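Contents: one structure, followed by commentary.
The values are calculated or read from the model by the stated rules, or taken from the named source; none is laboratory data. It should be emphasised that the depicted structure is a prediction, and the values quoted were computed from it without experimental measurement. Cβ: placed from backbone, ideal geometry, glycine included. Neighbour counts: every protein chain shown. All accessible areas refer to the heavy atoms of the entire protein, side chains included, with ligands and DNA or RNA removed. Shrake-Rupley method; radii C 1.70, N 1.55, O 1.52, S 1.80 Å.
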Amino acid sequence: MQRIQSSLKPDFSMSRIAMGLWRLAGWQYSAQETVRLLEQLLELGVTTIDLADIYGDYRCETLFGEALKLKPELRKEMEIVSKCGIKLMGSGNDYTLNHYDSSAAHITAAAESSLRNMGIEQMDLLLIHRPDPLMDAEELAAALDALVADGKARAVGVSNFLPHQQRLLQSRLSSPLVVNQIEVSLLHSAPMFDGQLDECQRERVIPMAWSPFAGGGLFTGDSEAALRVRAALQGLATALDMEPQQLALAWLLKHPAAMVPVLGSGRIERLRAAVGALEKPLPREMWFELLRAARGRDVD
């Protein structure tokens, strides 16, 4: 599979498509079944695995760690990404409301907890999950730099940050922010126009694209935009001998920011089909035909 090499950290790279495990707890896989899924992903070349401390009521990292414990040799074949900075009310805590916490104490404790839960000594990438309006950039930067210096995170980045938020944190950091994970899809193309992807290109930050199928809305939604896009996907997929899912990914993959879509299906046949999009580049006019369907109008 193609890989995306970081220009900011030469020893860091990602598979062109990543696998998100935010639904792992809901799949109710045994540890052995999770091992098999990971093996199949690695066979496809999908080596980047995306998690977060809060996923699955704080259980997904532990479930992933139980699978790695069964077959620890898989660890060296993958890049493990996790995120922290959100405090969600859950069965294992006493939070009274959902909120953000980018304090040094919380980020350090959350990262160390993730490492214990996954049974690893170092994660490849730690992301701040959401921008915190109470973020003290100096304090957070010091915590992230310390996690890198201590070998607990190989690289750091952000998620859902706007360009000015990304620049503020980077201005206080010694370590580069190598990734910004943002929502991008045919039903959420705003990052192509609001500066998020421009900033990634300008600063050579790798954008990871979460919800590349709009949480399934691309294929099941009944909004006017979803219906327009679905009709366009079906028509073009026939002409290009592609599946609509592949075409939706090819649309993202064509963008020069070199996005890494994060897929979330536990069905390997769907993942195998999706990976096929890498071999099917999308012609420019067809890319704009899908953009027209998404926005409901021609370009200006």
At 7 Å along the Cα-to-beta-carbon direction for both residue 204 and residue 220, put a label point, then send me their distance in nm to one decimal. 4.2
Thinking of the range 132-197 as a set of Cα atoms, what percent of all their pairs are more than 18 Å apart? 41
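Kindly give Rg over Rh for the range 27-127, based on alpha-carbon atoms, with the Kirkwood expression for the hydrodynamic radius.
0.99
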Cα-based reach from residue 9 at 17 Å (exclusive), listing lysines while leaving out same-chain residues under 8 positions away: 152
Go through the range 149-163 residue by residue and turn each phi into a ³J(HN,Hα) via Karplus (6.51, -1.76, 1.60, θ = phi - 60°); whole Hz please, and just put x for glycine and proline. 4, 7, x, 8, 9, 6, 8, 10, x, 9, 9, 6, 8, 7, x
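Name the shape class, rounded, prolate or oblate, that the alpha-carbon gyration tensor gives for the range 146-300, where a ≥ b ≥ c are the square roots of its eigenvalues, rounded holds for a/c under 1.5, and otherwise prolate holds if a/b is larger than b/c and oblate otherwise.
On the way: a/c = 2.33, a/b = 1.71, b/c = 1.36.
It is prolate, given that a/c is not under 1.5 and a/b is the larger ratio.
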Go ahead and collect, in residue order, the members of the range 266-300 whose backbone nitrogen is under 20 Å from a label point 7 Å along the Cα-Cβ direction of residue 227. 290-298
If I stretch the segment between residue 23 and residue 121 completely, what's the gain in nm (0.36 nm per residue apart, minus their alpha carbon distance), one decimal? 32.9 nm
Suppose accessible area is computed on protein heavy atoms with a 1.4 Å probe; arrange 62, 238 from highest to lowest. 238, 62
P(r) of the chain over all Cα-Cα pairs, binned every 10 Å from zero, in whole percent: 6, 28, 35, 24, 7, 0
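Let me know the whole percent of all Cα-Cα pairs from the range 216-274 that are separated by more than 14 Å.
Numbers: 1046 of 1711 pairs.
Tail fraction, whole percent: 61.
Wrap a convex hull around the Cα atoms of the range 58-174, take a quarter of its surface area, and give that in square nanometres. Can you show the working numbers first?
On the way: hull surface 29.9 nm².
So the mean shadow area of the Cα hull is 7.5 nm².
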Please compute the per residue accessible area over the chain with all protein chains in place, 1.4 Å probe, rounded to a whole number of Å². 44
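Given the peptides 283-292, 168-177, 259-268, arrange them by the average over their residues of other C-beta atoms within 10 Å, most packed first. Before the final figure, lay out each step's value.
Numbers: 283-292: 14.6, 168-177: 17.3, 259-268: 19.5.
Packing proxy ranking, top to bottom: 259-268, 168-177, 283-292.
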Solvent-accessible area, 1.4 Å probe, carbon plus sulfur percent, for the chain: 50
